[in-house]
Amino acid sequence: MIERIDTLAGFEKLRGSWTDLLVASSADCFFLTWEWLFAWWKHLAGGRELYLLTIESDGRLIAIAPLAMRPRRVSGFPARSLEFLGSGIAGSDYLDLILRRGNEAEAIESLGEYLTNRKLRLDLRQLRESAAAWRLARTLEDRDGYRAFQMKTDRCPYIDLTGQTW
């Protein structure tokens, strides 16, 4: 069963179950924690509309799609799209779907059906190449005619300190 959460109060109520699910997923990283994304939503959401999707199976939370709807205009026409919470100018890295290990296929199938039925456009950024969101994009592409493509937009800078001492 998929539920859409679109209120701050609903987002707040997810805290404990979000944390438990994140630990039980392969996407566990700082930028997907409830604390990071809740703070981001409260302070950096701009004109977005909250669009969290949760999936339960047999009474157990198996997935969270931490999304927001961004209103956009293309050539004067509205072109709303879903994007990950944490996207944008004060963005986050390694964004993804939060899927319980062992339930990935079921969750992706449910999300794919939900998105297709609503004809929602996805604009997913800051993904690892191994992100579950890629599996969702390819599922939508194969089954429903979506077009998925990869584009490098940003590079996460780092300094390699291997072999260095202080």
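In region 9-29, what residues are open to solvent by less than 30 Å² (accessible area, probe 1.4 Å), part of a loop (DSSP other than H, G, I, E, B) and over 15 Å from Arg60 (Cα atoms)? Selection gives Ala27, Cys29. Regarding Leu99, is this residue modelled with pLDDT of 95 or more and open to solvent by less than 20 Å² (accessible area, probe 1.4 Å)? In short, yes. Report yes if some residue within region 33-41 is buried (at least 18 other Cβ atoms within 10 Å of the Cβ), closer than 22 Å to Glu109 by Cβ and free of Cβ contacts under 8 Å to residues at least 60 places away in the same chain; otherwise report no. No: zero hits.
Taking Glu3 as the residue in question, decide whether it is in a strand (DSSP E or B) and not polar (S, T, N, Q). Yes; evaluated as a whole, the condition is true for this residue.
Among the residues of region 120-129, is there at least one that is acidic (Asp, Glu), assigned to a helix (DSSP H, G or I) and free of Cβ contacts under 8 Å to residues at least 40 places away in the same chain? No. For region 45-69, the set of residues classified as out of contact with any Pro (no Cβ under 9 Å at 6 or more places or on another chain) and surrounded by fewer than 16 Cβ atoms within 10 Å (Cβ to Cβ) consists of Ala45, Gly46, Glu56, Ser57, Asp58, Gly59, Arg60, listed by residue number. If the condition is being part of a loop (DSSP other than H, G, I, E, B), within 19 Å of Leu22 (Cα to Cα) and not charged (D, E, K, R), then region 58-72 contributes Gly59, Pro66. Is it true that Thr19 is of a type in the set (Ser, Thr, Tyr) and either under 20 Å from Ile2 (Cβ atoms) or under 13 Å from the mean Cα position of the chain (by Cα) (or both)? So Thr19 does not fit the description; no. Among the numbered conditions (1) more than 22 Å from Trp34 (Cα to Cα); (2) modelled with pLDDT of 85 or more; (3) surrounded by 19 or more Cβ atoms within 10 Å (Cβ to Cβ), the only one that Glu106 does not meet is (3).
The values are calculated or read from the model by the stated rules, or taken from the named source; none is laboratory data. These numbers were taken from a predicted model, which means no experiment stands behind them. Every residue, glycine among them, receives a Cβ derived from its backbone with ideal geometry; neighbour counts consider all protein chains shown. What goes into the accessible areas is simple: the full protein's heavy atoms, side chains included, and nothing from ligands, DNA or RNA. Shrake-Rupley method; radii C 1.70, N 1.55, O 1.52, S 1.80 Å.
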